[in-house]
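All remarks here apply to the structure that follows.
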Amino acid sequence: MTGQHYVHAIQINTEKCIGCSHCMQVCSTQAIRIVEGHARIMPERCVDCGECYSVCPVAAVYVKDDGLELNLQKFIYKIALVPAVFFGQFPTQYSVSQISSAIRKLGFNAVFEVEHAVDFIKEQYVEIAEDAEIARPVISSFCPSVVRLIQVMFPSLTENILRLKAPHDLAAIYLRHINSNSNINPEEIGVFYFTPCASKIVAAKAPEGEDDSPTDVVVSMKLLYNKVYRIIKDIPLSDDLKRNSTMEPDSIKWALSGTEREYFKGRSLAIDGVENVIKFLEKLESGHITDIDFLELRVCDQGCAGGILCPGNRFLTVERIGERVKKLQNRLVENKEVVNPLMNHRELLEKGCKTEAIKPREGLLLDDNVEIALQKMKKIKALNSYLPGFDCGACGAPTCKNLAEDIVKGKANMSYCVFVQRVMEKNYKLSPEQAFQTIEKIWGKDRLNKYKDNHGEKES
């Protein structure tokens, strides 16, 4: 089988990991196994949703971004590309201009709001909705974890994924273009994107359907927030810092659940939360749901406001963004025109806005040969029938079916199942010592020794 390299922002520090299996239990794509007492990520299955990050009790699961300080030193002209959900982390008493001013004090020459690109995307949606040749339902490509979720669990739906770049990529294309005529070497211009989630880090490092991303550096929004918060309190609100945004009000809400679907003609649905998304796609793939034109899917509850790298409460973020939208709407009532500089470069964006078709993940194929793959599928089904079906996780895999798959792939064996072990011991096919060694291989010597210590069974 052909090898494939996968880039991930979600990482596990095995020195901190205690093998509690919380991460394995919440992983929606069954991408985590317990090996030698520590959690291990299966790169071909991980979609960087961050569910494991949220439940880890010892902070062993972490997000790897590019970092800020060293990268600020690499570029002469630095642009901060900031999404609306970042501004939503702050009470509305702080204006966008105030927050942007604080960001510039960190060493940035300019601050640009990601959602400026949404006005262009809205126009694209009108054209796409009228194209009868595009497969229905059209599935939004805005959430990178959704794209990868479909690649992993619903490969037959990959052709439905919208071939359109994300707002942060389109904004970065525009920023590079307008700064190309400056006296600064293009390589010395750095576009820093501050992300609310881990999957967008991956989308910048290894974008699906693109050769590369026009962004240079991707940094956690948590890091930016902590730095800005220390500065902003000391910035007085002068008249020139009262501006809240230069965008259309609805563009600001784009990252929240329910806004995107409003701009696609036809029957459109918005679904958020990874489990809700999976359940819906299961019904869609099986044919139980039909006659849908557009799907807005977000793995995070409340959309990007619920991203794992958002420092604030997601419901407060939604409320604050709503308040900022109302202020902008009041400005429109007062006949103050909203001018989006990005829209003067439609031709540029039209040339670079599309992606290649999204394909299923090759690493999930049982074999490149169809006949061999079918044989392996039959073997998985047969092995699964011998397993108890309790999905207890004692084997180090989240489900019995996952264990059967691991066995066929040569990553586990039947004796990993404690119930099968008991049967094998009764039939003298496996000694208690061998059974213990198998469990030790899964859960690690340290963990089992701790168990013995607690029960007074450890040998002197």
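The values are calculated or read from the model by the stated rules, or taken from the named source; none is laboratory data. Everything numeric here is computed off the predicted structure, so don't read it as measured data. Heads up, the Cβs are rebuilt from the backbone with ideal geometry, glycines too, and the neighbour counts pull from every protein chain shown.
Check off (1) over 28 Å from residue 370 (Cβ atoms); (2) out of contact with any strand residue (DSSP E or B) (no Cβ under 6 Å at 6 or more places or on another chain) for residue 6 and give me the number that stays unchecked.
Among (1) over 28 Å from residue 370 (Cβ atoms); (2) out of contact with any strand residue (DSSP E or B) (no Cβ under 6 Å at 6 or more places or on another chain), residue 6 violates only (1).
List the residue pairs whose Cβ atoms are under 9 Å apart, where the first residue sits in segment 88-117 and is farther than 24 Å from residue 343 by Cβ and not assigned by TED's automatic domain parsing to the domain that holds residue 165, the second is surrounded by fewer than 22 Cβ atoms within 10 Å (Cβ to Cβ) and modelled with pLDDT under 95, and the two are 6 or more positions apart or on different chains.
Hits for this filter: zero, empty list.
Looking for something of a type in the set (S, T, N, Q) and closer than 26 Å to residue 438 by Cβ - is there at least one such residue anywhere in segment 30-47?
Quick first cut of segment 30-47, residues of a type in the set (S, T, N, Q) only: 30.
Pick out the ones that are also closer than 26 Å to residue 438 by Cβ and you get 30.
Looking through segment 30-47, at least one residue is of a type in the set (S, T, N, Q) and closer than 26 Å to residue 438 by Cβ.
Which one of these does residue 347 not meet: (1) at pLDDT 80 or above; (2) crowded, with 16+ Cβ neighbours inside 10 Å?
Status for residue 347: all satisfied but (2).
For segment 181-196, which positions are in a loop (DSSP other than H, G, I, E, B) and either modelled with pLDDT under 95 or among the small types (Gly, Ala, Ser) (or both)? Give the derivation first.
We begin by selecting, within segment 181-196, every residue in a loop (DSSP other than H, G, I, E, B); these are 181-185, 196.
Residues satisfying the conditions are 181, 182, 183, 184, 185.
Select from segment 415-451 the residues that are surrounded by 13 or more Cβ atoms within 10 Å (Cβ to Cβ), among the aromatic types (Phe, Trp, Tyr) and either on the phi > 0 side of the Ramachandran plot or in contact with a Gly (Cβ under 7 Å, 6 or more places away or on another chain) (or both) and list them in ascending order.
416, 443
Go through the residues of segment 295-311 one by one and say whether even a single one is more than 18 Å from the chain's Cα centre (by Cα) and surrounded by 14 or more Cβ atoms within 10 Å (Cβ to Cβ). Spell out how you get there, then give the answer.
First, pick out the residues of segment 295-311 that are more than 18 Å from the chain's Cα centre (by Cα): none.
Checked segment 295-311: no residue is more than 18 Å from the chain's Cα centre (by Cα) and surrounded by 14 or more Cβ atoms within 10 Å (Cβ to Cβ).
Among the listed residues 357, 412, 397, which satisfies the condition of being in contact with a helix residue (DSSP H, G or I) (Cβ under 8 Å, 6 or more places away or on another chain) and exposed (fewer than 13 other Cβ atoms within 10 Å of the Cβ)? It would help to see each step written out before you state the result.
On the way: 412 fails: exposed (fewer than 13 other Cβ atoms within 10 Å of the Cβ); 397 fails: exposed (fewer than 13 other Cβ atoms within 10 Å of the Cβ).
After applying the criteria, what remains is 357.
Does residue 6 qualify as being hydroxyl-bearing (Ser, Thr, Tyr), outside the structural domain of residue 371 (by TED's automatic domain parsing) and closer than 30 Å to residue 101 by Cβ?
Working: hydroxyl-bearing (Ser, Thr, Tyr): yes; outside the structural domain of residue 371 (by TED's automatic domain parsing): yes; closer than 30 Å to residue 101 by Cβ: no.
No: the conditions fail for residue 6.
So the check is Cβ under 6 Å with 6+ separation or different chains; which pairs have a first residue in segment 203-222 that's in the same structural domain as residue 187 (by TED's automatic domain parsing) and a second one that's polar (S, T, N, Q) and in a loop (DSSP other than H, G, I, E, B)?
204/213; 204/215; 207/213; 209/355; 210/355
What single numbered condition from (1) under 31 Å from the mean Cα position of the chain (by Cα); (2) farther than 21 Å from residue 28 by Cβ; (3) at pLDDT 90 or above; (4) loosely packed, with under 15 Cβ neighbours inside 10 Å fails to hold for residue 373?
Every listed condition holds for residue 373 apart from (3).
Select from segment 64-90 the residues that are aliphatic (A, V, I, L, M) and surrounded by fewer than 21 Cβ atoms within 10 Å (Cβ to Cβ) and list them in ascending order.
So in segment 64-90, the residues aliphatic (A, V, I, L, M) come out as 68, 70, 72, 76, 79-82, 84-85.
Selection gives 68, 70, 72, 76.
Does residue 184 qualify as being surrounded by fewer than 20 Cβ atoms within 10 Å (Cβ to Cβ) and either basic (Lys, Arg) or within 18 Å of the chain's Cα centre (by Cα) (or both)?
Numbers: surrounded by fewer than 20 Cβ atoms within 10 Å (Cβ to Cβ): yes; either basic (Lys, Arg) or within 18 Å of the chain's Cα centre (by Cα) (or both): no.
Judged against the criteria, residue 184 is not a match.
What pairs can you find where one residue is in segment 10-23 and of a type in the set (Gly, Ala, Ser), the other is assigned to a loop (DSSP other than H, G, I, E, B) and buried (at least 17 other Cβ atoms within 10 Å of the Cβ), and their Cβ atoms are less than 7 Å apart, with a gap of 6+ or different chains?
If the second residue must be assigned to a loop (DSSP other than H, G, I, E, B) and buried (at least 17 other Cβ atoms within 10 Å of the Cβ), the pairs left are 19/37; 19/444; 21/393.
From the set of residues in segment 1-13 that are surrounded by fewer than 19 Cβ atoms within 10 Å (Cβ to Cβ) and at pLDDT 95 or above, which is farthest from residue 203 (Cα to Cα)? Lay out the reasoning, then the answer.
Step one: list which residues in segment 1-13 are surrounded by fewer than 19 Cβ atoms within 10 Å (Cβ to Cβ), which gives 1-7, 11, 13.
Now drop any that are not at pLDDT 95 or above, which leaves 11, 13.
Values: 11: 16, 13: 22 Å.
Step by step, filter segment 1-13, then rank; the result is 13.
For segment 152-172, how many residues meet the condition of being within 15 Å of residue 112 (Cβ to Cβ) and outside any helix (DSSP H, G or I)?
1
So which residues in segment 255-270 are buried (at least 21 other Cβ atoms within 10 Å of the Cβ), touching a strand residue (DSSP E or B) at 6+ places or on another chain (Cβ under 7 Å) and either assigned to a loop (DSSP other than H, G, I, E, B) or not assigned by TED's automatic domain parsing to the domain that holds residue 120 (or both)?
Hits for segment 255-270 are 257, 264.
From the set of residues in segment 271-280 that are out of contact with any Asp or Glu (no Cβ under 6 Å at 6 or more places or on another chain) and free of Cβ contacts under 8 Å to residues at least 60 places away in the same chain, which is surrounded by the fewest Cβ atoms within 10 Å (Cβ to Cβ)?
We begin by selecting, within segment 271-280, every residue out of contact with any Asp or Glu (no Cβ under 6 Å at 6 or more places or on another chain); these are 271, 274-280.
Checking the rest, the ones that are also free of Cβ contacts under 8 Å to residues at least 60 places away in the same chain come to 271, 276, 279-280.
Working: 271: 19, 276: 14, 279: 12, 280: 17.
Looking at the filtered set, the residue picked out is 279.
For the list (1) in contact (Cβ under 8 Å) with a residue 12 or more places away in the chain; (2) surrounded by fewer than 20 Cβ atoms within 10 Å (Cβ to Cβ); (3) assigned to a helix (DSSP H, G or I), I need the number of the one condition that residue 136 fails.
Of the numbered conditions (1) in contact (Cβ under 8 Å) with a residue 12 or more places away in the chain; (2) surrounded by fewer than 20 Cβ atoms within 10 Å (Cβ to Cβ); (3) assigned to a helix (DSSP H, G or I), the odd one out for residue 136 is (3).
I'd like to verify a number: residues in segment 31-50 that are touching a residue at least 60 places away in the same chain (Cβ under 8 Å) and surrounded by fewer than 19 Cβ atoms within 10 Å (Cβ to Cβ), how many?
The qualifying residues number 4.
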